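The values are calculated or read from the model by the stated rules, or taken from the named source; none is laboratory data. As the structure is a computational prediction, the values presented were derived from the model and not from experiment. Here Cβ is always computed from backbone atoms with ideal geometry, including for glycine, and neighbour counts include all displayed protein chains.
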């Protein structure tokens, strides 16, 4: 979620689940964007769209990146050219890539999710959904989608080409704020809170654990507030609490919870693959959490950090500084900034290629994607 929606990651509550509505798109859509190639330095290319840029992600199986625009998703090839643009719902504000790279999910403003088949560009729509995750099981990929209606959070499971049927989980008096998949443990984690029109962060939140083999809720963890954003790394899950200025660190083996004070309002968190450190961008600072000690420290960063991504190797964290017009490259072991890349605009969205050699930097206002060569 970028641009004007960057302050919080709250789901839409409108709409409801009806049917899984597939439709097809014609092939051979016109190429979008202007490509500027650069030599020297670490910036190797720049793609400019005549549009706002909301989010970026990269395919885990190849060198393709995806940019969410006002009503479409652009495919950026390994040659840094826009190969196609796929129409989706209005204002796609967040992109989620399936773990196997076969599907791309866009969370659209107004309460729907578009599902893009990467191989043939076929698009399906899940009405009324606020978040989605794909779990790759021994029996194939299962898509879990969540939505909220009448103060009730619902989670559905969709198999290959299946229609939405009965909910696998329903949470009366709670709304879903986020989903995250855990392929290693075959689990789905559901962020929940009590519905409220005002100050919902101050209401107690919780995390439900769903066993994807049985689609049963096997555990519930109480949290100090609504989990704005949830993410996992190793055997750790982090949930951010914006108004509490805290992060809940949850051990996924024991389900013990540590409430960690940041002294600033967290926007986004990412955990290193080994689960030992979490990097959190706050409204005006950058924090690094030692997950073993359960302590957070401030790190030097640019003005108004807005997004953080971890390299596949876990060696580096990349932080976009909206106000500072820069991206900070952080050594995750030494916990220091090793390089700063300056930009003309205001970088926000970030994505890292599967091989860790390219960093994609998005600017919401100028509609540009800058491709940067980085160390894996």
Just give me the residues in region 246-262 being surrounded by fewer than 16 Cβ atoms within 10 Å (Cβ to Cβ), under 17 Å from residue 180 (Cα atoms) and in contact (Cβ under 8 Å) with a residue 24 or more places away in the chain, in sequence order. 255
Give the residues of region 170-180 that are assigned to a strand (DSSP E or B) and over 11 Å from residue 145 (Cα atoms), sorted by residue number. 170, 171, 172, 175, 177
Answer yes or no: is there a residue in region 194-208 that is within 30 Å of residue 327 (Cβ to Cβ), within 20 Å of the chain's Cα centre (by Cα), in contact (Cβ under 8 Å) with a residue 40 or more places away in the chain and part of a strand (DSSP E or B). no
Residue 134 within 30 Å of residue 219 (Cα to Cα) and either modelled with pLDDT of 95 or more or out of contact with any helix residue (DSSP H, G or I) (no Cβ under 9 Å at 6 or more places or on another chain) (or both): yes
Within region 103-159, residues being free of Cβ contacts under 8 Å to residues at least 60 places away in the same chain, out of contact with any strand residue (DSSP E or B) (no Cβ under 9 Å at 6 or more places or on another chain) and at positive phi number 2
Please state which one of 243, 211 is over 15 Å from residue 180 (Cβ atoms), surrounded by fewer than 23 Cβ atoms within 10 Å (Cβ to Cβ) and either without any contact (Cβ under 8 Å) to a residue 40 or more places away in the chain or over 19 Å from the mean Cα position of the chain (by Cα) (or both). 243
Which numbered condition in (1) at pLDDT below 95; (2) not in a strand (DSSP E or B) is the only one that residue 338 fails? (2)
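For residue 298, state whether it is outside any loop (DSSP other than H, G, I, E, B) and either within 22 Å of the chain's Cα centre (by Cα) or buried (at least 17 other Cβ atoms within 10 Å of the Cβ) (or both).
No; evaluated as a whole, the condition is false for this residue.
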